[in-house]
Amino acid sequence: MNKDYKFNFQEGEVLLIDKPLKWSSFDIVKKVRYLIRYNFKIKKIKVGHAGTLDPLATGLIILCTGKFTKKISNFQDKRKEYIATIRIGSTTPSFDLETEITKNFPTEHITKDLIKENLKNFLGEIKQYPPIFSAKKIDGQRAYVKARKGIALKMRPSMVNIYELEILSFYFDNKLPTLILRIVCSKGTYIRSFANDFGISLESGAHLIALKRTKIGDYNLEDAIKIKDIENYFNNNTTL
């Protein structure tokens with residue numbers, strides 16, 4: 001971030017943020033809104049994010065302020081790139097580490113060649129069911145709220161596109177096959193659901209153990225700023 005740059009938050013700014021682990025997307029919005037209001041003495045300012053990241057995911061999140069919040073949908077519609085780490089051989093109800101492992105599956109037959117072959121079936125337009133532990137609304141309430149109460153849910157599928165799948169690494173961790181993938185996909189794709197579905201395709205099971213968003217359209221994580229750096233910048237540069 002250019003130290004001499006003069007912000008105009010009311011007219012609109014686009015901020016690229018590197019979301020840390022365990023922060024929700026709304027946590028990021030609240031923090032940045034507070035810093036803007038406190039450091040720049042602005043009583044009221046709109047701040048919104050252009051695409052949710054789960055608390056257990058890290059990486060790029062785009063924030064828009066002021067009049068630019070009207071442009072949020074333009075960012076939401078762009079392709080996303082993720083680096084996903086998938087553990088094969090076990091599943092969880094949330095399809096990630098939010099919940100405990102509930103089922104274990106055989107993995108003796110899992111090979112890199114089998115993985116390569118099965119990945120081909122996930123390229124292009126596919127039908128995908130969102131996780132029950134997701135922000136999708138069911139009868140006006142977030143699905144994860146109902147799921148945490150143990151309420152049985154029937155999720156509606158949607159069509160999503162997966163444009164690229166690249167194996168970055170395949171290794172065994174405590175004898176469990178572990179896969180690191182680069183995934184380029186459309187808006188609305190749940191990487192957790194992809195991990196679960198991919199495990200089924202291998203005649204085993206799988207869940208997501210790490211996720212980082214690295215791109216949104218032409219915007220890159222390497223250009224994003226960490227929350228602690230924004231705080232330091234705002235604390236030392238309060239002139240608009």
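No value in this document is a laboratory result; all are computed from the given coordinates. Note that this is a predicted model, so its numbers are computed, not measured. Cβ placement follows ideal geometry from the backbone for every residue including glycine, while neighbour counts extend to all protein chains displayed.
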- Rounded to the nearest 0.05, FRET efficiency between Ser73 and Lys154 (Cβ-Cβ, R0 22 Å) equals 0.20
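Just the number: Rg to Rh for the chain, Cα atoms, Kirkwood Rh, two decimals.
Working: Rg = 19.6 Å, Rh = 19.3 Å.
Using only Cα positions, Rg/Rh for the chain is 1.02.
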- Task: Filter the cross-link list Lys31/Lys80; Lys187/Lys228; Lys19/Lys43; Lys19/Lys137; Lys30/Lys67; Lys31/Lys78 down to pairs whose alpha-carbon distance in this structure exceeds 22 Å.
- Result: Lys31/Lys80; Lys187/Lys228; Lys19/Lys43; Lys19/Lys137; Lys31/Lys78
- Check each of the GluC sites (Glu not before Pro) in segment 1-100 and keep only those in coil by DSSP with at most 16 other C-beta atoms within 10 angstrom; list them in order. Glu11, Glu100
- Message: In the chain, once you exclude exposed trypsin sites (Lys or Arg not before Pro) (DSSP loop, at most 12 other Cβ within 10 angstrom), what's the longest stretch remaining?
- Response: 45-148
- For segment 80-216, list log₁₀ I(q)/I(0) at each q in 0.09, 0.11, 0.15 Å⁻¹, using the Debye formula over Cα point scatterers of equal strength and ignoring solvent, two decimals each. -0.25, -0.38, -0.72
- Which of the pairs Lys127/Lys215; Lys112/Lys215; Lys71/Lys120 have their Cα atoms more than 28 Å apart in this structure? Lys71/Lys120
- Separation between the Leu114 and Thr102 pseudo-spin-labels, each 7 Å from Cα along Cα→Cβ, expressed in nm? 2.4
